[in-house]
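A short worksheet on the structure shown next.
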Amino acid sequence: MKNKIFIVLSEGISVDKKVLSFVKKSISKALFLLKLSSKEVCLTFTSDEHLTKLNYKYLGRPYPTNVLAFPMRKGKGLKISHLGDIIISIDTAKKEANLYNLNFENYLLALCIHGLLHLLDYDHQKGLYAPWLMQKNELNLLEKLAYKEGKKELLNFIKRREYMPAKLAVNVDHVATVREARKSYYPDPVHAAVLAELGGADGIVVHLRLDRRHVKERDVRIIKEIIKTKLILEMAIDEELIKFAKEVKPYQVTLVPERPEEVTTEGGMNLEGKVEEVKKVVRELKKANIKVSLFLNPEEKAMELAKKTEAQIVEIHTGIYAEALNEEEREKELSKIETAARIAKDLGLIVHAGHGLNYENIGPVAAIPEIEEFSIGHSIVARAIMVGMERAVREMKELILRART
Ligand code: PXP
């Protein structure tokens, strides 16, 4: 390997020789893996005090940070051989490794790789896909370069430090509810699904209830045909519905409990003593190439049992959080959701959440890094009525006026 890795230790900073050699070799290998073998990089290990000064001078932030990267080649493409400087505070690196319970060598390497990717113009603070791409590269490199001991924990930490915003799956059930109020043919949830996609929905959700009170088989079939994103079919465990799902093949089925008299889904599934029964359904749907999600209350036990059913996804019930009567209760429920999400992700499950979320309460849950997708219906349909009312009335008024002029 031709590349040169320069390591500078600031005055008063000492790092074990073995650690320095591990970092130097690993960054050299990282450049090789990135097909940048001929490039050079300078790593400076320094103090919190020094990094605070640099952070203030160059970024206007008067506090310490773990790593700063100063690229040499801004706007000069890859022609230039010196990629730039990565400056790391050993004080902060040690504190953070301790705080996150990570092995120091591996954490220091993760910071160096983070800085190296910044030198190559990767940026986790820009746009929709750049954060995902940066994280993917960090994980790929650390998978190959980190010490075996503590590697799993490090990779989980990087995965959990999700940069990506969560996705939004829009539930159009209540468009069908309005249609069914008159047993009419409009408004059509199929049209609503297309409009939701135009608005940026990442998926469309429909709940085919046992009593078919809103969405019907026809809606599910046409939505599946017409949408460009993914169809998520919510349903109870029922033989006829399983047969229907296998025929229509939505991207995902979300299994929910259902009580005939309920106004809406009242809570998560109770998996106690039902793991084998649910596992049978999960396997049957997975065999038909359908992903399976289980709607569950934010409880540790529920996440553990979900893992045993072999479902790939859990949707954490946010209804109790949404209905909390005061701030204290809301915070308590939020923490339950956070903990359940962390446990589920650590178990290797994909984490979604939903129920009762609206324009006022979405913020805190949307910040939970483990949650990859939200399923929201009622509040969006309700808002659509409100923001559309003025135009709808104006259009009708115009038709009435024009009839005689
Ligand atoms: N997730 C599940 C499992 C649901 O049953 C529902 C309601 O159909 C939702 C999310 C969406 O809830 P809301 O309509 O309150 O946004």
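The values are calculated or read from the model by the stated rules, or taken from the named source; none is laboratory data. Everything numeric in this text was worked out from a predicted model, so none of it was measured. Don't worry about glycine lacking a Cβ; one is built from the backbone with ideal geometry, like all the others, and counts go over all protein chains shown. In case anyone asks, the SASA skips ligands and DNA or RNA and just uses the protein heavy atoms, side chains included. Shrake-Rupley method; radii C 1.70, N 1.55, O 1.52, S 1.80 Å.
Quick grid of which residues meet (1) within 21 Å of residue 378 (Cβ to Cβ); (2) without any contact (Cβ under 8 Å) to a residue 12 or more places away in the chain; (3) under 21 Å from the mean Cα position of the chain (by Cα):
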position: 141; (1), (2), (3): no, no, no
position: 159; (1), (2), (3): no, no, yes
position: 172; (1), (2), (3): yes, no, no
position: 177; (1), (2), (3): yes, no, no
position: 192; (1), (2), (3): yes, no, no
position: 212; (1), (2), (3): yes, yes, no
position: 231; (1), (2), (3): yes, no, yes
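Do you know which residues across the stretch 363-383 are crowded, with 18+ Cβ neighbours inside 10 Å, of a type in the set (A, V, I, L, M) and within 14 Å of the ligand (Cβ to nearest atom)?
Within the stretch 363-383, 365, 371, 376, 380, 381 qualify.
If the requirement is being among the charged types (D, E, K, R), open to solvent by 20 Å² or more (accessible area, probe 1.4 Å) and not in a loop (DSSP other than H, G, I, E, B), which of these qualifies: 18, 35? Outline the logic, then answer.
Values: 35 fails: not in a loop (DSSP other than H, G, I, E, B).
Being among the charged types (D, E, K, R), open to solvent by 20 Å² or more (accessible area, probe 1.4 Å) and not in a loop (DSSP other than H, G, I, E, B) holds for just one of 18, 35, which is 18.
Looking at the structure I just gave you, is residue 126 outside any loop (DSSP other than H, G, I, E, B) and either assigned by TED's automatic domain parsing to the domain that holds residue 34 or charged (D, E, K, R) (or both)?
On the way: outside any loop (DSSP other than H, G, I, E, B): no; either assigned by TED's automatic domain parsing to the domain that holds residue 34 or charged (D, E, K, R) (or both): yes.
In short, no.
Is there a residue being in the same structural domain as residue 241 (by TED's automatic domain parsing), farther than 20 Å from residue 266 by Cβ and among the small types (Gly, Ala, Ser) anywhere in the stretch 347-360? Spell out the reasoning first.
First, pick out the residues of the stretch 347-360 that are in the same structural domain as residue 241 (by TED's automatic domain parsing): 347-360.
With farther than 20 Å from residue 266 by Cβ added as a condition, the list becomes 347-351, 359-360.
Still in the list and also among the small types (Gly, Ala, Ser): 348.
Yes: the stretch 347-360 contains one or more residues that are in the same structural domain as residue 241 (by TED's automatic domain parsing), farther than 20 Å from residue 266 by Cβ and among the small types (Gly, Ala, Ser).
Can you find a residue that is of a type in the set (Lys, Arg) and without any contact (Cβ under 8 Å) to a residue 12 or more places away in the chain anywhere in the stretch 307-320? Write out each step before concluding.
Taking the stretch 307-320 and keeping what is of a type in the set (Lys, Arg), we get 307-308.
Checking which are without any contact (Cβ under 8 Å) to a residue 12 or more places away in the chain leaves us with none.
No: the stretch 307-320 contains no residue that is of a type in the set (Lys, Arg) and without any contact (Cβ under 8 Å) to a residue 12 or more places away in the chain.
Would you tally the residues in the stretch 329-362 being farther than 26 Å from residue 206 by Cβ and either aliphatic (A, V, I, L, M) or open to solvent by less than 10 Å² (accessible area, probe 1.4 Å) (or both)? It would help to see each step written out before you state the result.
From the stretch 329-362, those farther than 26 Å from residue 206 by Cβ are 329-336, 338-339, 342-343, 345-348; that's our starting set.
Next, from what is left, pick out any that are either aliphatic (A, V, I, L, M) or open to solvent by less than 10 Å² (accessible area, probe 1.4 Å) (or both): 334, 343, 347.
Looking only at that region, the number is 3.
Out of (1) part of a helix (DSSP H, G or I); (2) more than 16 Å from the ligand (Cβ to nearest atom), the odd one out for residue 223 is which?
It fails just one condition, (2).
Return a yes/no flag: does the stretch 98-117 have any residue that is without any contact (Cβ under 8 Å) to a residue 24 or more places away in the chain, surrounded by fewer than 13 Cβ atoms within 10 Å (Cβ to Cβ) and either within 28 Å of the chain's Cα centre (by Cα) or assigned to a loop (DSSP other than H, G, I, E, B) (or both).
For the stretch 98-117, residues without any contact (Cβ under 8 Å) to a residue 24 or more places away in the chain, surrounded by fewer than 13 Cβ atoms within 10 Å (Cβ to Cβ) and either within 28 Å of the chain's Cα centre (by Cα) or assigned to a loop (DSSP other than H, G, I, E, B) (or both): present.
Mind listing just one residue for me: the one in the stretch 170-189 that is within 12 Å of the ligand (Cβ to nearest atom) and not in a loop (DSSP other than H, G, I, E, B) and, of those, farthest from residue 252 (Cα to Cα)?
Initial filter on the stretch 170-189 (within 12 Å of the ligand (Cβ to nearest atom)): 170-177.
Okay, now just the ones that are also not in a loop (DSSP other than H, G, I, E, B), so 170-171, 173-177.
Details: 170: 14, 171: 13, 173: 16, 174: 20, 175: 21, 176: 20, 177: 22 Å.
By that ranking, first place goes to 177.
Among what's in the stretch 234-267 and is in contact with a helix residue (DSSP H, G or I) (Cβ under 6 Å, 6 or more places away or on another chain) and within 26 Å of residue 321 (Cβ to Cβ), pick the residue that is farthest from the ligand (Cβ to nearest atom).
Per the criteria, the residue is 237.
Need the failing condition index for residue 275 against (1) of a type in the set (A, V, I, L, M, F, W, C); (2) surrounded by 13 or more Cβ atoms within 10 Å (Cβ to Cβ); (3) closer than 19 Å to residue 206 by Cα, just the number.
(3)
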